[in-house]
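Asks: Below is one structure. I have some questions about it.
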Amino acid sequence: MKSLGLGELPPLLRAIHDPPRRLYLRGVANPDLLQRPAVAVVGARACSRYGAQVARMLGRELAAAGVVVVSGMARGVDGEAHRGALETDGHTLAVLGCGIDRDYPAAHAALARAIGERSLVVSEYEPGIAPAPFRFPARNRIIAGLSLATIVVEARERSGALITADFALEEGREVFAVPGEITSALSAGTNALLRLGATPLTAVDDVLETLGIERRPPPAVTHPLLELLPATADELARTTGLAPGEIAATLAELEVNGLAVEGDGTYRALA
């Protein structure tokens, strides 16, 4: 475990209205990781399947472009954004609302280990500090403070993700919102942000272009299965005669490399 004093914090975080006096770090990455261009991806804990899919896609594509993905390691959108980033060779930062020695929620202990093996878990709270409701809004200012921009994927009218967006706006940072169905409570917060002037996000390029970051060339990965999409895994197995395990492994590889996406059991080519 390492820690940084106020004077050692990255400039973006040090510049916020109420920077942490100390930031504790857990993981293998050099603290210089905190200096790299970063974008926060936040949203509902009880997100929809669509929200989870979008968060994972954004995490993966931002990390593949060299952007550090910042989130709070909560269930739902946060966890999916971290997982998407880990599917590439990029980096992600998990900001805790408890002591740096704790994995919260406990269900994300394996995710925390995976993040630590590649990147960093950070907290302003020293070891032994228990999670408490008032600590999470405070945590959100650090998520926003580390990031050049904040993306809200899904959020109800009263949501911690909106607190993060408010912190970002107060610091003059970019805020993006993923448009959602007007009949869904999970879209009430994001659609409200759009009414207030947040930038609609329809693709990761919306963020990259705003920040002046060029997308890296896609990996040179292809497979004959792409020509058979859209299709379900069962349909592909019947069509090709390949074993279900081989089909599943290939589809997972295509998803990781951004060449295919799954929705409601059907895989579609993105290339």
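The values are calculated or read from the model by the stated rules, or taken from the named source; none is laboratory data. All values reported here derive from a predicted model rather than from experimental measurement. Positions of Cβ are generated from backbone atoms using ideal geometry, with glycine treated the same way; all protein chains shown enter the neighbour counts. Side chains included, ligands, DNA and RNA excluded: accessible areas come from the protein's heavy atoms. Shrake-Rupley method; radii C 1.70, N 1.55, O 1.52, S 1.80 Å.
Asks: Mind checking the per residue accessible area of the stretch 119-186 for me, 1.4 Å probe, whole number of Å²?
Replies: Numbers: 2870 Å² over 68 residues.
About 42 Å² of surface per residue is accessible.
Asks: Rank by packing, highest mean first: peptides 44-50, 6-12, with packing defined as the count of other Cβ atoms within 10 Å averaged across residues.
Replies: 44-50, 6-12
Asks: Follow-up question, since we're still on this one. Keeping the other protein chains in place, figure out the carbon and sulfur percent of the accessible area of the stretch 148-248, with a 1.4 Å probe.
Replies: Looking at the stretch 148-248 in its full context, I get 53 percent from C and S.
Asks: Could you tally the net charge around Ala231, taking each other residue with its Cβ under 13 Å from the Cβ of Ala231, Lys/Arg +1 and Asp/Glu -1? List each step's numbers first, then the result.
Replies: On the way: positive: Arg238, Arg268; negative: Glu227, Asp234, Glu235, Glu262, Asp264.
Neighbour charge sum, excluding Ala231 itself: -3.
Asks: Could you estimate the translational diffusion coefficient of the stretch 78-118 from the Stokes-Einstein equation, with Rh from the Kirkwood formula over C-alpha pairs, at 4 °C and 1.567 mPa s, in whole µm²/s?
Replies: Using the Kirkwood radius from Cα pairs, D works out to 123 µm²/s.
Asks: Rounded, prolate or oblate: which fits the stretch 1-90, taking a ≥ b ≥ c as square roots of the Cα gyration tensor eigenvalues, rounded meaning a/c under 1.5, else prolate when a/b beats b/c?
Replies: prolate
Asks: Okay, next question. Of Thr88, Ser119, Phe134, which is farthest on the positive side of the dipole of the stretch 60-143, counting Cα position, with +1 on Lys and Arg Cβ, -1 on Asp and Glu Cβ, and the Cα centre as origin?
Replies: So the residue we want is Phe134.
Asks: Okay, moving on. Tally Lys/Arg at +1 and Asp/Glu at -1 over every other residue whose Cβ is under 12 Å from the Cβ of Arg56; what's the total?
Replies: Its environment carries a net charge of -3.
Asks: Now for a different question. Between Arg215 and Thr266, take the C-beta separation as r, use R0 = 35 Å, and let me know the FRET efficiency to the nearest 0.05.
Replies: Working: r = 26 Å, r/R0 = 0.74.
Approximately 0.85, to the nearest 0.05.
Asks: Given [x] 1.06; [y] 1.14; [z] 0.99, which label gives Rg/Rh (Cα atoms, Kirkwood Rh) as computed from the coordinates?
Replies: Answer by label: [z].
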